[in-house]
Amino acid sequence: MGETNRRLKKNIVINRGLQFKIIMTSMVYMFLVMLVTTGAILFPLIFDMLSSSDLNVQYAAAQTFLVLAKRLMPSMVVLFALFFFHQLFITHRICGPLVNFTNTFRRISNGDLTRRVTLRKGDYLKKECDIINGMIEGLSDHFHQISTNHVNLVHSLEASLEGVTDPLTRSNIEKILADLTESITTMAKETCGTKDE
């Protein structure tokens with residue numbers, strides 16, 4: 001139980017730079033909304049306190065101001081904290097898939113078409129995940145077709161080798177066959193391995 005909680009706390013900030021930018025921008029907007037809202041509520045009272053010549057009006061405005069300030073400030077702090085944790089949770093659900101996408105793209109750039117993007121329950125970007133997995137499937141199918149054509153080419157060259165009597169031509173075809181066989185083996189290892197779960 002303790003290990004799970006430590007892991008959750010550690011993994012809540014997945015992409016520090018991006019999450020920080022999104023959260024800070026949202027917090028600034030939230031602060032401005034709270035400031036404008038508080039100002040709209042308290043400004044008439046402040047105006048009455050400072051501009052009215054009637055002491056009773058000033059006193060009533062000051063009393064109302066103090067009551068509202070006592071109630072508004074703690075609720076604003078609580079709302080601000082709740083908004084911060086909400087943003088942390090939301091950015092976690094966006095940045096987690098983005099990290100997964102990045103790792104998958106890195107593997108694709110190295111020629112590995114076995115990895116698929118998997119998302120956790122509650123993650124966003126599911127549609128994009130399906131598109132990326134579809135792209136990987138398409139690339140894998142294309143490479144499989146290329147590999148099949150490659151094998152067919154090797155078989156054709158091997159068949160044609162039987163009728164070649166010239167030693168130089170035979171040597172050249174055998175070299176081409178060796179290169180093709182090696183490239184088929186390499187391609188098969190890179191693109192047809194065990195799929196990641």
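Under Stokes-Einstein, with the Kirkwood radius over Cα pairs standing in for Rh, what whole-number D in µm²/s applies to the chain at 37 °C and 0.692 mPa s?
Numbers: Rh = 23.4 Å.
Using the Kirkwood radius from Cα pairs, D works out to 140 µm²/s.
Name the long-range amide H neighbours of ARG116: under 5 Å, sequence gap of 5 or more, or other chain; modelled H, no Pro or chain starts.
Here the answer is ASP196, since their amide H atoms fall under 5 Å of that of ARG116.
Go through segment 36-50 residue by residue and turn each phi into a ³J(HN,Hα) via Karplus (6.51, -1.76, 1.60, θ = phi - 60°); whole Hz please, and just put x for glycine and proline.
Whole-Hz 3J(HN,Hα) from phi for segment 36-50: 5, 5, 4, x, 5, 6, 8, 4, x, 5, 4, 4, 5, 5, 8.
Go ahead and estimate [θ] at 222 nm for the chain from helices alone: -39,500 (n - 2.57) per DSSP H run with n ≥ 4, summed, over the residue count, rounded to 500. Don't skip to the answer; put the middle values down first.
Details: 5 runs with 162 residues, N = 197.
Calculated at 222 nm, the ellipticity per residue is -30000 deg cm²/dmol.
Could you give the C-alpha radius of gyration of segment 114-197 expressed as a fraction of 2.2 N^0.38 Å, taking N as the number of residues it contains?
Computed over Cα atoms of segment 114-197, the ratio equals 1.64.
Which one of MET135, LEU50, PHE83 is farthest out on the positive end of the charge dipole of segment 30-145, using unit charges on Cβ (Lys, Arg +1; Asp, Glu -1) and the Cα centre as origin?
MET135
I'd like the distance between the alpha-carbon centres of segment 119-178 and segment 26-100, rounded to an integer number of Å.
63 Å
Counting only Cα atoms, I'd like the Rg/Rh figure for segment 1-109, Kirkwood definition for Rh. Walk me through the numbers before you get to the answer.
On the way: Rg = 22.3 Å, Rh = 17.5 Å.
Dividing the radius of gyration by the Kirkwood radius yields 1.28.
What range in the chain is the longest one free of trypsin sites (Lys or Arg not before Pro) that are in a loop by DSSP and have at most 13 other Cβ atoms within 10 angstrom?
Working: sites that count: ARG120, LYS121, LYS195.
By the stated rule (loop sites, at most 13 other Cβ atoms within 10 Å), 1-119.
Within segment 111-194, list the GluC sites (Glu not before Pro) lying in a DSSP loop whose Cβ has at most 14 other Cβ atoms in a 10 Å radius. List each step's numbers first, then the result.
On the way: sites: GLU128, GLU137, GLU158, GLU162, GLU174, GLU182, GLU190; in loops: GLU162.
Here the sparse-neighbourhood loop sites are GLU162.
Among GLY163, LEU113, THR38, whose Cα lies farthest out toward the positive end of the dipole of the chain, if unit charges sit on the beta carbon of Lys, Arg (+1) and Asp, Glu (-1)?
Towards the positive end, the residue furthest out is THR38.
At 7 Å along Cα-to-Cβ for each site, give me the label-to-label distance between ASP54 and ASP112 in nm.
Between ASP54 and ASP112, the label points sit 7.8 nm apart.
Values in this text are rule-based calculations from the coordinates and carry no lab data. Note that the coordinates shown come from a computational prediction; the quantities given were computed from them, not determined experimentally. Using ideal geometry, Cβ is built from the backbone for each residue, glycine included, and neighbour counts are taken over all protein chains shown.
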